[in-house]
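Some notes on the structure that comes next.
The values are calculated or read from the model by the stated rules, or taken from the named source; none is laboratory data. Because the structure is a prediction, the values reported are computed rather than measured. When we count neighbours, we look across all protein chains shown, and the Cβ atoms used for this are built from the backbone with ideal geometry, even at glycine.
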């Protein structure tokens, strides 16, 4: 199975960001899972609430990662998913995780 990872820094709006990413991923026959940087699954509402508390305390919210995975035998194109989400209205807060990229250039 091919995978790719996106980093989401706009954790305060995680629900909206993930909804846009999920719609774009589905169009490209990909699924996604939201995880902490350590790899644990994330409750989106709890992560957004924690990010709001961090901002109130003058701390930077901790980013989360979105693991994309192919639902068929095709490749996963994280950049295409991100472009699709931006076409749907995403205005920042997510980027391709170059460190975790599983394909070589």
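Overview of results
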{"quantity": "Flag if residue 68 is modelled with pLDDT of 90 or more, out of contact with any strand residue (DSSP E or B) (no Cβ under 6 Å at 6 or more places or on another chain) and under 13 Å from residue 25 (Cβ atoms)", "calculated": "no"}
{"quantity": "Which listed residue, of 87, 45, 50, is exposed (fewer than 14 other Cβ atoms within 10 Å of the Cβ), at pLDDT below 95 and out of contact with any strand residue (DSSP E or B) (no Cβ under 8 Å at 6 or more places or on another chain)", "calculated": "45"}
{"quantity": "Where a residue in region 30-49 is on the phi > 0 side of the Ramachandran plot and touching a residue at least 24 places away in the same chain (Cβ under 8 Å) and its partner, wherever it lies, is crowded, with 20+ Cβ neighbours inside 10 Å and assigned to a loop (DSSP other than H, G, I, E, B), with Cβ under 6 Å and at least six apart", "calculated": "none"}
{"quantity": "Condition met for residue 39 (loosely packed, with under 13 Cβ neighbours inside 10 Å and over 17 Å from residue 12 (Cβ atoms))", "calculated": "yes"}
